[in-house]
Amino acid sequence: MRRTGRRHERELLDTLEAIGSKPFEGEVWRACIRGRNPLLGSTAPGRWNAAGEMEALYTSLDQNGALAEIGFRLSQEPVWPSRLEHDLYRLSVKTEKSLHIDGLPALARLGVDVARYASFDSSQTQAIAAAARFLEFDSLIVPSARSPATHLVLILDTLADIDGLRVLDSAPVDWVAWRSRR
């Protein structure tokens with residue numbers, strides 16, 4: 001088990017162990033600012049990682065799910081940032097120990113207030129991810145808060161087959177067209 005500065009609730013650890021893990025192999029999508037390496041994770045705070053606690057790589061099993069996440073962030077600006085350019089990447093990934101959290105009812109059983117899941121209060125989801133990392137899960141398969149998609153959040157320091165994470169292709173994102181379809 002990995003050491004972190006966080007104390008984990010025993011009940012949460014027991015619940016995650018009872019859920020168990022499953023491998024995942026397939027294609028996922030990730031949208032990034034043009035020029036950023038799409039295989040780099042983030043240690044900045046996010047829904048599934050507290051600041052500096054672990055390096056997480058957020059991906060989606062659906063290309064629209066990946067776009068919805070970035071599109072939501074861009075829509076929070078006072079004016080849509082029209083000069084930012086993004087690319088949508090299709091990645092190949094293989095995990096050995098994914099924690100599958102199937103839908104909002106499963107999140108609720110883990111202590112997440114699902115009525116507030118789309119808010120910026122990520123304390124419980126961050127606690128779940130930290131506990132999963134402690135138990136050496138290499139990823140989480142979770143519902144999106146922004147779309148009907150399912151996301152794969154990779155915990156990069158526990159991912160055994162980091163070389164199995166590859167870029168298959170990419171395309172520029174047309175935000176004007178994306179916004180008109182929404």
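Here are a few things to note about the model shown:
- The C-alpha atoms of the chain define a longest principal axis, and helix 123-134 lies at about 60 degrees to it.
- Averaging the sequence gap over all C-alpha pairs within less than 8 Å and six or more residues apart, then dividing by the number of residues, gives segment 91-160 a relative contact order of 37 percent.
- ³J(HN,Hα), Karplus 6.51/-1.76/1.60, whole Hz, each residue of segment 49-57, x for Gly, Pro: 8, 7, 3, x, 7, 6, 9, 10, 10
- Spatial offset of segment 6-61 relative to segment 79-137 amounts to 6 Å, using the alpha carbon center of each.
- Annotation: amide H of residue 173 within the under-5 Å range of 86, 87, 88, sequence separation 5 or more or interchain, hydrogens built in the peptide plane.
- Kirkwood radius and radius of gyration were both taken over the C-alpha atoms of the chain, and their ratio Rg/Rh is 0.96.
- Relative to the Cα centre, the charge distribution of the chain, modelled as +1 at Lys and Arg Cβ and -1 at Asp and Glu Cβ, gives a dipole magnitude of about 440 debye.
- For the chain, the longest principal axis of the C-alpha atoms and the axis of helix 63-75 are separated by about 80°.
Values in this text are rule-based calculations from the coordinates and carry no lab data. Computed from a prediction, not measured in an experiment: that's the story for all the values here. Neighbour counts are summed over all protein chains in view; Cβ atoms, including those assigned to glycine, are modelled from backbone coordinates with ideal geometry.
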